[in-house]
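**Q** Quick one: structure below, then a few questions.
Laboratory data are not the source of any read-out in this text; all were calculated from the coordinates shown. No experiment lies behind these values; they were computed from the predicted model shown. Virtual Cβ from ideal backbone geometry, glycine too; neighbours counted across all protein chains shown.
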Amino acid sequence: MKTSQLLLATTRETPADAEVISHQLMIRAGMIRRLAGGLYTWLPLGVRVLRNVEQIIRDEMNQAGAQEVLMPVVQPAELWQESGRWQQYGPELLRINDRHQRDFCLGPTHEEVITDLVRKEVRSYKQLPANYYQIQTKFRDEIRPRFGVMRSREFIMKDAYSFHLNRECLEQTYQIMYAAYHRIFERIGLDFRAVQADTGSIGGDGSHEFHVLADSGEDAIAFSTLSDFAANVELAEAVAPSKPRPSPSQPLTEVATPNIHSIEEVCQFLAVSANQTLKTLLVLGANAENPVVALVLRGDHEVNDIKAEKHPLVASPLTFATAEQITQVCGCDAGSIGPVGLSIPLIVDRSAAHCADFVCGANKTGYHLTGVNWDRDVAAGLVADIRNVVEGDPSPDGQGVIQIKRGIEVGHIFQLGDKYSKALNANVLNENSRAQILEMGCYGIGVTRVVAAAIEQNHDDKGIIWPDAIAPFQVCIVPMQMHKSPRVAKAVEQLYSDLQQQGISVLLDDRNERPGVMFNDMELIGIPHRIVIGERGLDQQLIEYKHRRDAEPQNIAEKDFMTFLM
Ligand code: ATP
Ligand code: MG
Ligand code: MG
Ligand code: MG
């Protein structure tokens, strides 16, 4: 492709809401544009990367014996009522009505739809095991859409669902998927870890998350310094031996929860000034019985900004939130609410080594604690704060100590068992011609999130550095004075078609721009291999080559160039 034909929408401007580097670079490189909160248009350059990621996933899924299907985005409420999730799912499920006032939702996931298909189409055990996947748009009305496509409301997921006659067969397919996921993320070129994840209410021991390691990651994952133990912090907490926590360095004071109606009153209560910069999370506590006030701050916002946040829980005057809502805000589950209250640090300033005098979540109905002190270790990860697992704790398997890193959840696989098949009565006839409920597994990859995660791991101050496997173009040609020199123009066109014939995707920058402008754009959009063609090189029969990671270009003899590049 030639840049003259491409919507190359590079820009210097970084939107104010772009907190993480991948979000900034995806905007600056002209990969995505924001339509509304959590909704993005993918531009041609972005789509090329997305398709490359999808192709690797599709290829590995097909090789692992899964069959591609495509299910609707819009799903009827009846199926969700059958599984019970119409009630359980909460506000992340976007519910809509059609013109006949019938209830539908935009699919956040597809267990119900696929189980419905299978109960109708699969009759006999001879058709099993079966694994169906799709690469398709999901909608989740995320409470805090942010970081661009990393946590958007509409996003693309690869979701697969497997069906089995028994648990052993499910475990086999699970292992096949586990291995396929490793191949997928390796091929994409990511530094990732598979970690054990909590199976929550479903139970069983089969769930793993795949995390791309990055400081900007929203999840905390715990590793052993000695063994293979790796788990998300929720699970590490669940299996960790209980231990005494250091007591706060100051005596705790209980204060009655005031009736708070304004930001000014919040500030007064917290003893902060309205212009002070706070970080991350502010929750005015809650307990299981009583609704209390909750606020959320994102990033480095001034207290004043709370008003502008338009968070569903933050209205003016402040609305009251239920403990349930707060657990959603904090991303913890109801299990972390103790019998007397929810203890969540109010303000976590990650840069401070020691954050003194927190006001903390209610410990007693209608009360808060003041004077709570948190060490940086505790504040290192929000989940860790809540879950109480910190670096240096003994690893649950007894080998080594816990080290906590941050990760971006790009994939999640799960042995579901019969949760959905039982609720929807999905069965087949077994060897004895008896109806038998199916065992089920599900396997997700956040396709759009993978693109952002890849950038988090591969960039420098000039822009993106794509891994070869997903680069929008593998090679770019930057001509010197192509519009003045017919000789350069001819050589460039020749090389362009030669490379294409070799099956290499090439971007020819045929704009009449200064070299500096072209170099900057090609570096920003992250093309891994750059070729410069100019009069001087042609005289000496040399081609200038530079890898995106190289500091300096090198000259390669024209005749050796193809071999060099391949
Ligand atoms: P998270 O913990 O980040 O909210 P999740 O556990 O809710 O993700 P799953 O239900 O496991 O997500 O969905 C499978 C995959 O879909 C996730 O591993 C993630 O990569 C991706 N995903 C989930 N929510 C989003 C989102 N809002 N935006 C982009 N990708 C997402
Ligand atoms: Mg989620
Ligand atoms: Mg998750
Ligand atoms: Mg998950």
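**Q** With a point put 7 Å past each Cα toward its Cβ, work out how far ASP191 is from HIS100 in nm, to one decimal.
**A** 5.6
**Q** Still on this structure, I have one more. Please compute the modelled spin-label separation between GLU558 and GLU171, points set 7 Å along Cα→Cβ, answer in nm with one decimal.
**A** For the pair GLU171/GLU558, the computed spacing is 6.5 nm.
**Q** Given 4 °C and 1.567 mPa s, how large is the Stokes-Einstein diffusion coefficient of region 453-566 in µm²/s, with Rh as the Kirkwood radius over Cα pairs?
**A** My calculation gives 90 µm²/s for D.
**Q** For VAL122, VAL478, what ranking results if the residue with the fewest other Cβ atoms within 10 Å of its Cβ goes first?
**A** The order, fewest Cβ neighbours first, is VAL122, VAL478.
**Q** How many nm separate the modelled label positions at VAL47 and ASN432, each set 7 Å beyond the Cα in the direction of the Cβ?
**A** Calculated label separation equals 5.5 nm.
**Q** Amide H to amide H under 5 Å from LEU94: which residues, 5+ apart in sequence or cross-chain, H placed 1.01 Å off N in plane?
**A** Here the answer is LEU106, ASP141, since their amide H atoms fall under 5 Å of that of LEU94.
**Q** Next up: With 10 angstrom as the radius, rank LEU507, LEU438 by how many other C-beta atoms surround their C-beta, starting from the fewest.
**A** Final ranking by Cβ density, sparse to dense: LEU507, LEU438.
**Q** While we're here: Which of the residue pairs LYS158/LYS422; LYS490/LYS546; LYS138/LYS422; LYS158/LYS546; LYS484/LYS559 have a Cα-Cα distance greater than 30 Å in the structure shown? Walk me through the numbers on the way to the answer.
**A** Details: LYS158/LYS422 24 Å; LYS490/LYS546 21 Å; LYS138/LYS422 24 Å; LYS158/LYS546 35 Å; LYS484/LYS559 25 Å.
Check vs 30 Å cut-off fails for LYS158/LYS546.
**Q** Let me ask something else about it. Counting other beta carbons within 10 Å of each residue's own, what order do THR173, THR563 fall into, fewest first?
**A** THR563, THR173
**Q** Enumerate the calculated ³J(HN,Hα) couplings along region 113-122 in order (Karplus 6.51 cos²θ - 1.76 cosθ + 1.60, θ = phi - 60°), each rounded to whole Hz, writing x wherever the residue is Gly or Pro.
**A** Along region 113-122, the couplings run 5, 5, 5, 4, 4, 5, 5, 8, 9, 9 Hz.
**Q** Checking the a/c ratio against 1.5 first, then a/b against b/c, what shape does the Cα gyration tensor give for region 511-566? Mind dumping the intermediate values first?
**A** On the way: a/c = 2.28, a/b = 1.32, b/c = 1.72.
Cα axes put region 511-566 in the oblate bin.
**Q** Test of understanding: what is the full-extension gain from GLN87 to LEU117, defined as 0.36 nm times their sequence separation minus their Cα-Cα distance? Walk me through the numbers on the way to the answer.
**A** Numbers: separation 30, 0.36 × 30 = 10.80 nm, distance 2.20 nm.
Length gained between GLN87 and LEU117: 8.6 nm.
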